[in-house]
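**Q** I have a structure I would like to understand better, so I am pasting it below and will then ask my questions one at a time.
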Amino acid sequence: MHATEATQAAQRSIDICNACRYCEGYCAVFPAMMLQRAFTTEDMSYLANLCHNCNGCYHACQFSPPHAYGINLPQQFAEIRVESYAEYAWPKGMGSAFARNGRAMLTLTAAALAFVVLAMLLLVPNAALFGALSGAGAFYRVIPWGVMASFAGVTLLFSLVALLMAARNFWRDTASSLTRTISFSAIRTALSDAATLRYLGGGHTGGGCNDLDASFSHTRRKLHHVLMYGFFLCFASTSVATLMDHFLGWQAPYSWYSLPVVLGSLGGIGMLIGCVGLIWVKIATDPAPVARAVLGGDYALLLMLALVAKTGLLLLLFRATPAMGMLLALHLGSVLALFLALPYGKFIHGILRFTALLKAAVEREGRSVTGS
Ligand code: SF4
Ligand code: SF4
């Protein structure tokens, strides 16, 4: 990781934090920070990705602006996080996608939608594209299963490899000083911290984040949960449908009470509520601890996820009508854009944050063994 204005500003801040230690119980960042006296840019990348952006330390700090020290860790860490996404992106050249990320992601979405819609207009007969189809295999009469599975499989596989490579680059850069190996209990702790979004809980106060202002609430944590588990339910729905089709020969569309439809409906509704709610929190929050330059990428990911959820739910509602063909095109286009964008947009934060949580769990184990 290279030194930048953001890493230098954060380094000045945490030198003061290390002497002050008032926020020690707020999150994993402060205990990790207090293990050291001097910080490299790699340490800044690690601490920035460990930060959950709860704003707690900004509102608690007696040295935040307009104080001359100008300590604003949520803002400084958010800027470093985006720089770290570009630094660790795989393949290397793709890091440039994080500059003006909002515009890049929305352009990608528009291009993917246009590509799928145009391809279907040109290649699919009108009777299939604009007809009211029903019965097993109706979707595949519009677009063959093999074409659908190939596009989705190849793009998703590439993106998963790219995300794993980014996590590997991050780990190599930030965890080389670890003296302990990764244990099963450290992995379990990191998984639990990520699954419960522990550090959006307000640390020792337990009151949640400073979502909108200096008051505490669990709104952002709950919305993030609804979005995250909604996404997992949709993924489970697609996986179950693929298994039913491939191994049992039961072709979509499925009945309203079938497992893929129930999982997909709950997941889609959850994703939509989570996206809309988180966009509202971003609009309504106190702008002082916010890094304005990174907001575009945040909004773009939420809009992309909302588009996937909305087109999926509309497709479910109108699958037996003549609108099915174009809704299928819009849904597949939005899914294609999302899959392509996974390693080059805000989604990468989940992978790098989990990796940072894993390092923190390994460090905590080391401390409990040495008693420090
Ligand atoms: S953010 Fe402010 S109050 Fe909190 S530890 Fe740092 S200097 Fe102290
Ligand atoms: S914003 Fe929250 S999570 Fe980030 S360093 Fe401050 S207290 Fe910790």
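The values are calculated or read from the model by the stated rules, or taken from the named source; none is laboratory data. Just so it is clear, the model here is predicted, and its values are computed rather than measured. Positions of Cβ are generated from backbone atoms using ideal geometry, with glycine treated the same way; all protein chains shown enter the neighbour counts. With ligands, DNA and RNA removed, areas are computed over all heavy atoms of the protein, side chains included. Shrake-Rupley method; radii C 1.70, N 1.55, O 1.52, S 1.80 Å.
**Q** Compute the relative contact order of the stretch 5-89 as a whole-number percentage, counting only Cα pairs closer than 8 Å that sit 6 or more residues apart in sequence.
**A** RCO, the stretch 5-89: 35 percent.
**Q** Leaving out ligands and nucleic acids, and using a 1.4 Å probe, what accessible area per residue does the stretch 152-212 come to in Å²?
**A** Each residue of the stretch 152-212 exposes 52 Å² on average to a 1.4 Å probe.
**Q** What's the local net charge at A32, with K and R +1, D and E -1, over the other residues with C-beta under 12 Å away?
**A** 0
**Q** Mind checking the per residue accessible area of the stretch 28-81 for me, 1.4 Å probe, whole number of Å²?
**A** Result: 34 Å² per residue.
**Q** Per residue Cα convex hull volume for the chain, in cubic angstrom?
**A** Given the Cα convex hull of the chain, per-residue volume reads 141 Å³.
**Q** To continue, here is another question. Heads up, I need the accessible area for T174: 1.4 angstrom probe, whole protein in place, Å², nearest 10.
**A** 10
**Q** Still on this model: Would you please give the FRET efficiency between H246 and L178, computed as 1/(1 + (r/R0)^6) with r the Cβ-Cβ distance and R0 = 51 Å, to the nearest 0.05?
**A** The calculated FRET efficiency here is 0.75.
**Q** Put a dot 7 Å past each Cα toward the Cβ at Q62 and L118; how far apart are the dots in nm?
**A** Here the modelled spin labels are 6.2 nm apart.
**Q** Quick one: check the C-alpha center-to-center distance for the stretch 193-219 versus the stretch 1-63, whole angstrom.
**A** So the two Cα centres are separated by 18 Å.
**Q** Report the extension gain between C20 and L191 in nm, rounded to one decimal, defined as 0.36 nm multiplied by the number of residues separating them, less their alpha carbon distance.
**A** Full extension of this stretch gives 58.5 nm more.
**Q** Kirkwood Rh, Cα Rg: Rg to Rh for the stretch 5-89?
**A** Taking Rg over the Kirkwood Rh, I get 0.93.
**Q** Moving on. Summing +1 for each Lys or Arg and -1 for each Asp or Glu, what net charge is found among the other residues whose Cβ lies under 15 Å from the Cβ of L328?
**A** Neighbourhood net charge equals +3.
**Q** Something else: Aspartates and glutamates within cross-link reach of K92: Cα-Cα under 17 Å, excluding same-chain residues under 8 positions apart?
**A** Straight-line reach from K92, under 17 Å: E83, D173.
**Q** Keeping every protein chain in place, order D286, D213, D245 by accessible area at 1.4 Å, biggest value first, i.e. largest first.
**A** D213, D286, D245
**Q** Under a straight-distance cross-link criterion of Cα-Cα below 25 Å, which lysines are reachable from K282, leaving out those fewer than 8 residues away in the same chain?
**A** Qualifying lysines at Cα under 25 Å: K222, K310, K346.
**Q** Treat every Asp and Glu Cβ in the chain as -1 and every Lys and Arg Cβ as +1, leave all other atoms uncharged, and give the resulting dipole magnitude about the Cα centre to the nearest 20 debye.
**A** Approximately 320 debye in magnitude.
**Q** Of I283, T311, M228, which is farthest towards the positive pole of the stretch 217-351's charge dipole, taken about the Cα centre with +1 and -1 on the beta-carbons of Lys, Arg and Asp, Glu respectively?
**A** After comparing all options, I get I283.
**Q** 222 nm [θ] for the chain, helices only, -39500 (n - 2.57) per DSSP H run of 4+, per residue, to 500?
**A** That comes out to -21500 deg cm²/dmol.
**Q** Compute the acute angle (0 to 90°) between the alpha-carbon long axis of helix 5-20 and the principal axis of greatest extent of the alpha-carbon atoms of the chain; round to the nearest 10°.
**A** 50
**Q** Here is a further query. Using +1 at the Cβ of each Lys and Arg and -1 at the Cβ of each Asp and Glu in the stretch 92-364, identify which of L336, A241, G208 lies farthest towards the dipole's positive end.
**A** About the Cα centre, the residue reaching furthest to the positive side is G208.
**Q** Explain nothing, just compute: Karplus ³J(HN,Hα) = 6.51 cos²θ - 1.76 cosθ + 1.60, θ = phi - 60°, for every residue of the stretch 306-314 in order, whole Hz, x for Gly and Pro.
**A** Per residue, the Karplus-derived 3J(HN,Hα) values read 5, 5, 4, 5, 5, 5, x, 5, 5 Hz.
**Q** What does the highest-first list of 261-271, 15-25 look like by mean Cβ count within 10 Å?
**A** Most protected by this proxy first, the peptides run 261-271, 15-25.
**Q** At a 1.4 Å probe, what is the % contribution of carbon and sulfur to the accessible area of the chain?
**A** 68
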